[in-house]
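A short worksheet on the structure shown next.
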Amino acid sequence: MRTLLLALCAAFAAPPVAAEGGGPPLTSLYDCGGLAVLVRMGEGGEGASMRIGDRIHALVPALSASGARFEAVDDPTTVFWSKGLSATLTLRGRDLPPCRIADDPGWSAAGNEPFWTASLRGLTLTLDRLGEVEQVVRLAGPVWRDGALLLEGEGVRLRSVAALCQ
């Protein structure tokens, strides 16, 4: 099995997670049963803010066995808990319907020498290389490592940095 490394020079629309090793702030829009919830994770996952309508909740990390769990600073009964591409939201003690990422337009990239194209929707990567069978790979992650967002799976490592391609 060959390992393919794709290095992307662009902002990555990823689910907001408390990522290993820290990283730049991530902002994502969630749909929680028809309620629009905008979540911005702080530097290295140390804090977050959540906007619902005209109200902004400052969030602090809370104990969690998995995922990134945050409580509102002024109301511990308001909890946002993201796990991968989905999340749960408890607002003033009331559980809302499950949340899903609403702003995942995906992305695509292409290269030459050799010619290839790649597209990512959620955590599913479709890779097409000239003269080879199209490869569809489910990726794990994301994690922050050495200033880049990494996703890996089945012989593919995807690395995204927020920078101009040179």
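The values are calculated or read from the model by the stated rules, or taken from the named source; none is laboratory data. Predicted model, so just to flag it, every value in this text is computed and none were measured. We place every Cβ from the backbone using ideal geometry, glycine too, and count neighbours over all the protein chains shown.
Leu164 passes every criterion in (1) of a type in the set (A, V, I, L, M); (2) at pLDDT 75 or above; (3) exposed (fewer than 15 other Cβ atoms within 10 Å of the Cβ) apart from (2).
Look at (1) at pLDDT 90 or above; (2) assigned to a loop (DSSP other than H, G, I, E, B) and you find that Leu63 fails only one, number (1). Annotation note: Cβ proximity below 8 Å between a residue of region 58-72 that is assigned by TED's automatic domain parsing to the domain that holds Arg40 and a residue that is in a strand (DSSP E or B) and acidic (Asp, Glu) (sequence gap 6+ or interchain) occurs for Leu59/Glu71; Val60/Glu71; Ala62/Glu71. Looking only at region 54-68, decide whether some residue is touching a Ser or Thr at 6+ places or on another chain (Cβ under 8 Å) and under 21 Å from Ala140 (Cβ atoms). Within region 54-68, one or more residues are touching a Ser or Thr at 6+ places or on another chain (Cβ under 8 Å) and under 21 Å from Ala140 (Cβ atoms). State yes or no: is Thr124 at pLDDT 85 or above and of a type outside the set (A, V, I, L, M, F, W, C)? Criteria not met by Thr124.
Restrict the check to region 75-92 and report whether at least one residue is in a loop (DSSP other than H, G, I, E, B), surrounded by fewer than 15 Cβ atoms within 10 Å (Cβ to Cβ) and small (Gly, Ala, Ser). No: region 75-92 contains no residue that is in a loop (DSSP other than H, G, I, E, B), surrounded by fewer than 15 Cβ atoms within 10 Å (Cβ to Cβ) and small (Gly, Ala, Ser).
Got at least one residue in region 93-103 being buried (at least 19 other Cβ atoms within 10 Å of the Cβ) and more than 24 Å from Ser49 (Cβ to Cβ)? Talk me through it step by step, then tell me what you get.
Of the residues in region 93-103, the ones buried (at least 19 other Cβ atoms within 10 Å of the Cβ) are 99, 101.
Adding the requirement that they be more than 24 Å from Ser49 (Cβ to Cβ) leaves none.
The answer is no, given that none of the residues of region 93-103 is buried (at least 19 other Cβ atoms within 10 Å of the Cβ) and more than 24 Å from Ser49 (Cβ to Cβ).
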